[in-house]
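Undergrad: Shown below is the structure under consideration.
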Amino acid sequence: MYSEGSRKLQDRYNARKVADLIQKATCVSSFDDDQFGYRNFIESATYFFLATSSGENTDCSFKGGPKGFIRVTGSNTIIFPDYDGNRMYKSLGNITDNPNVGLLFLRFDNEEGNRYLRVRINGKATVHEDHPLKSEFVGAKRIVEVETHHIYLNCPRYIPEMTMVEDSAHIPQEGKEQPVPGWKVKPGIKEALEGSE
């Protein structure tokens, strides 16, 4: 759960005891031990933030989709689809080099009493070009599977309360054509995209 650097700072600032108490109180390694409702919260999410790294290359990416686009598939595994993107493949490239990932699930509204439920997940990711469940996710190019190592609450103290206005029009839906993003039709980019996936 804690790196050597975290432990050094905890000791320097006399915080190891509280860090251990927080870990014991909120951290689980399995969705089978889910007294906080992590599983339902994650599976009802319509977005999350994904942190990846490779050497000196680090990245934090917003991932969005319809409710249920993140799925708990085992006691310590989740999957989510990789949708059409900008062709930089920063997240997937980093995962190929270094499978260690961090996921942050936030909720900014007070809907269903979940205002103070924020969840962080640390684990190892694998990118699957072909996955048995890929066909269940409309618009999925690939499936990312994460073996979760730590699942724990995130402190909501500095997170503002906001209201969701509407879902993105770009979320893939069965039988509905997605609008083309404006950047894809710009001169030079449009031609460069031809034949890419």
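The values are calculated or read from the model by the stated rules, or taken from the named source; none is laboratory data. What you see is a predicted model; the values in this text were computed from it and never measured. Neighbour counts are summed over all protein chains in view; Cβ atoms, including those assigned to glycine, are modelled from backbone coordinates with ideal geometry. Protein only, heavy atoms only, side chains kept; ligands, DNA and RNA dropped before computing areas. Shrake-Rupley method; radii C 1.70, N 1.55, O 1.52, S 1.80 Å.
Undergrad: Which pairs turn up if I take residues in segment 16-37 that are open to solvent by less than 90 Å² (accessible area, probe 1.4 Å) and look for partners that are aromatic (F, W, Y) with beta carbon separation below 7 Å, at least 6 apart in sequence or on another chain?
TA: A19/Y2; T26/Y152; C27/Y152; F31/Y38
Undergrad: Still on this model: So, of the residues in segment 126-157 that are assigned to a strand (DSSP E or B) and without any contact (Cβ under 8 Å) to a residue 60 or more places away in the chain, which turns out to be most open to solvent (accessible area, probe 1.4 Å)?
TA: Let us first name the residues in segment 126-157 that are assigned to a strand (DSSP E or B), namely 126-128, 142-153.
Narrowing the set further to residues that are without any contact (Cβ under 8 Å) to a residue 60 or more places away in the chain leaves 126-128.
Values: T126: 69, V127: 46, H128: 45 Å².
So the residue we want is T126.
Undergrad: Quick one: in segment 83-109, of everything that is among the hydrophobic types (A, V, I, L, M, F, W, C) and either in contact with a Leu (Cβ under 7 Å, 6 or more places away or on another chain) or buried (at least 19 other Cβ atoms within 10 Å of the Cβ) (or both), which residue is nearest to N40 (Cα to Cα)?
TA: As a first pass, look at segment 83-109 and keep what is among the hydrophobic types (A, V, I, L, M, F, W, C): 88, 92, 95, 101, 103-106, 108.
Remaining after also requiring either in contact with a Leu (Cβ under 7 Å, 6 or more places away or on another chain) or buried (at least 19 other Cβ atoms within 10 Å of the Cβ) (or both): 95, 101, 103, 105.
Details: I95: 26, V101: 21, L103: 16, F105: 12 Å.
Ranking the candidates gives F105 first.
Undergrad: Those residues that are within 21 Å of L50 (Cα to Cα), out of contact with any Cys (no Cβ under 9 Å at 6 or more places or on another chain) and not hydrophobic (A, V, I, L, M, F, W, C), I need them from segment 134-156; list them, please.
TA: We begin by selecting, within segment 134-156, every residue within 21 Å of L50 (Cα to Cα); these are 134, 137-156.
Next, only the ones that are out of contact with any Cys (no Cβ under 9 Å at 6 or more places or on another chain) stay: 134, 137-149, 154-156.
Correct list: K134, G139, K141, R142, E145, E147, T148, H149, N154, P156.
Undergrad: Output the helices (runs of 4 or more DSSP H) that fall wholly within segment 1-103 and possess 2 or more residues being among the hydroxyl-bearing types (S, T, Y), or say none. Can you show your working first?
TA: Working: elements: 4-12, 16-26, 38-43, 90-97.
Output list reads 90-97.
Undergrad: Go through segment 158-171 and report how many residues are among the small types (G, A, S) and in contact (Cβ under 8 Å) with a residue 24 or more places away in the chain.
TA: Applying the first criterion (among the small types (G, A, S)) to segment 158-171 yields 168-169.
Among the residues that remain, those that are also in contact (Cβ under 8 Å) with a residue 24 or more places away in the chain are: 168.
Counting residues in segment 158-171 that are among the small types (G, A, S) and in contact (Cβ under 8 Å) with a residue 24 or more places away in the chain gives 1.
Undergrad: Then there is this: Within the bounds of segment 40-47, is there any residue that is touching a strand residue (DSSP E or B) at 6+ places or on another chain (Cβ under 7 Å), of a type in the set (S, T, N, Q), under 23 Å from N98 (Cβ atoms) and surrounded by 12 or more Cβ atoms within 10 Å (Cβ to Cβ)? Outline the logic, then answer.
TA: Filtering segment 40-47 for residues touching a strand residue (DSSP E or B) at 6+ places or on another chain (Cβ under 7 Å) gives 41-43, 45-47.
Restricting the remaining residues to those that are of a type in the set (S, T, N, Q) gives 46.
Filter once more, so that each one left must be under 23 Å from N98 (Cβ atoms): none.
No, because not a single residue in segment 40-47 is touching a strand residue (DSSP E or B) at 6+ places or on another chain (Cβ under 7 Å), of a type in the set (S, T, N, Q), under 23 Å from N98 (Cβ atoms) and surrounded by 12 or more Cβ atoms within 10 Å (Cβ to Cβ).
Undergrad: Moving to a separate point now. Test Q178 against the criterion of being in contact with a Pro (Cβ under 9 Å, 6 or more places away or on another chain), modelled with pLDDT under 85 and open to solvent by 50 Å² or more (accessible area, probe 1.4 Å), and give yes or no. Walk me through how you get there before you give the answer.
TA: On the way: in contact with a Pro (Cβ under 9 Å, 6 or more places away or on another chain): yes; modelled with pLDDT under 85: yes; open to solvent by 50 Å² or more (accessible area, probe 1.4 Å): yes.
When the stated conditions are applied, Q178 passes them.
Undergrad: Of (1) open to solvent by less than 60 Å² (accessible area, probe 1.4 Å); (2) at pLDDT 95 or above, K8 satisfies all except one. Which?
TA: (1)
Undergrad: Looking at (1) assigned to a loop (DSSP other than H, G, I, E, B); (2) in contact with a Gly (Cβ under 7 Å, 6 or more places away or on another chain), find the lone condition where F108 falls short.
TA: (2)
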